[in-house]
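**Student:** I'd like to ask you about the structure that follows.
The values are calculated or read from the model by the stated rules, or taken from the named source; none is laboratory data. What you see is a predicted model, and the numbers here were worked out from it, not measured in a lab. Note: ideal-geometry Cβ built from the backbone for every residue, glycine included; neighbour counts use all protein chains shown. Only protein heavy atoms, including side chains, enter the accessible area calculation; ligands, DNA and RNA are left aside. Shrake-Rupley method; radii C 1.70, N 1.55, O 1.52, S 1.80 Å.
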Amino acid sequence: MHYDIIIVGGAMTGASLALALSSQTQGKIKIAVLEKQVPQQHQQSGFDARCIALSAGSCQRFNQILLANKQSLWQLLAPLCEPITHIHVSDRGHSGLAEFSAQEFHLTQLGAVIELNQAGVVLTQAMQDYDNIDYFAPVSIAHIERNADQVKIKLKDHRTLSTNLLVGADGTQSKVASAVGISQEIVREYQQTAIISNILVQQPHQNRAFERFTAEGPIALLPMQDNLMSLVWCVKNADEIMSLDDQQFLTRLQQRFGWRLGKLLECGKRFAYPLNLYKANQHIEERVALVGNACQTLHPVAGQGFNLGIRDVMSLANVVAQAYLQQQDWGEYQVLQKYAQQRQPDQSHIMGLTDGLLSIFANNVLPLQIGRNLGLMAFSQSSLLRQYFAKATLGWC
């Protein structure tokens, strides 16, 4: 079975790439998407739903992906999203704070929050509507073999697939990357763990998102439907906090976050993930390209990881579409090099930005405490500073 492109990883990044490629080539190239999980397996709904934050730029990019039914991908996702119209940034124990509003940037929203399982249903259905996309799930890869002309993938069910271009959208510790000798290095160990949960709050969230820096790490609360908030709480001692019962957990979180949303009433199921900064030493090889977390895995501060990955997706789709129109072999290194060169400045900038934020706000040296407090106050007053920061975090790169 031969495909023009095979994408390993069928979650949001890989599925979005398949749809973007089909959109830009009018469904003329044959694509296979390989996903190791059964669709919707391990995914929760309702109070325990896992969520992801989309920047305004990502929403605009989804609007550029036209589907087989002539609607844009964003038209299908938007009704499932809760808009973010305000962002509140504060530093625990200090008076400095900054607020952003969609209005000041002439936007209807700064971003949006969507449940992963709902997004997955939309993406899977959209791929099924394309005759040129074959979606394999669940499927396990036994071996990847590459030569100058093609890549062969042997599956554990004894099928063999071949392709002109293999894309790794399979996240941190990518199997595609390791198969072709691309190393994924730990740039920094943050010695933090992200605790993920959903929180029911007393006061209406009014579509506000919160980023609060504490001595242990940042706390993010993002607005969801039904007055829930999606929590990402970065801590140093995760085992102790995960062992608390729900009421103890909420009390501890309330102490760290404060009362801007009133009393924190209930919490959903908790998940914990260790946090490190990973970076692939290169993003392409002959007939291989990486996107999303396979290229770089960021700390969740400022919610940049997935949004950076979507810019990888759109850039690679553009490069392949141009090669298709010019009848070039899009798996050749010199063609893929255009993708790597396009993405390098944005990737380096966002990695530096998120890593720098953590360095500044995680340091309790008194001069830095004073400096960042004054910095937040200056930030709240300076339109130029706010525009500079917004350009990166809203995905206007």
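**Student:** So which residues in segment 164-182 are polar (S, T, N, Q) and more than 21 Å from the chain's Cα centre (by Cα)?
**Tutor:** Answer for segment 164-182, where residues must be polar (S, T, N, Q) and more than 21 Å from the chain's Cα centre (by Cα): 164, 178.
**Student:** Among the residues of segment 119-163, write down those that are among the polar types (S, T, N, Q), under 27 Å from the mean Cα position of the chain (by Cα) and open to solvent by 20 Å² or more (accessible area, probe 1.4 Å).
**Tutor:** 124, 125, 128, 140
**Student:** Listed residues 262, 258, 305; which is small (Gly, Ala, Ser) and under 14 Å from the mean Cα position of the chain (by Cα)?
**Tutor:** 305
**Student:** Looking at 184, 206, which is the one that is on the phi > 0 side of the Ramachandran plot and touching a residue at least 40 places away in the same chain (Cβ under 8 Å)?
**Tutor:** Of the residues listed, the single one that is on the phi > 0 side of the Ramachandran plot and touching a residue at least 40 places away in the same chain (Cβ under 8 Å) is 206.
**Student:** For the subset of segment 235-258 comprising residues that are under 22 Å from residue 355 (Cα atoms) and not in a helix (DSSP H, G or I), which member is least open to solvent (accessible area, probe 1.4 Å)?
**Tutor:** It comes out as 235.
**Student:** Given the residues 47, 62, which is the only one that is in contact with a Lys or Arg (Cβ under 9 Å, 6 or more places away or on another chain) and not β-branched (Val, Ile, Thr)?
**Tutor:** When all the criteria are applied, what remains is 47.
**Student:** Still on this structure, I have one more. If I filter segment 300-356 down to residues being open to solvent by 10 Å² or more (accessible area, probe 1.4 Å), of a type outside the set (S, T, N, Q) and not in a helix (DSSP H, G or I), which single residue comes out as nearest to residue 89 (Cα to Cα)?
**Tutor:** 300
**Student:** Output the qualifying pairs, or none if there are none: Cβ atoms under 6 angstrom, residues six or more apart or on different chains, first residue in segment 269-294 and at negative phi and part of a loop (DSSP other than H, G, I, E, B), second residue open to solvent by 10 Å² or more (accessible area, probe 1.4 Å) and among the aromatic types (Phe, Trp, Tyr).
**Tutor:** 286/333
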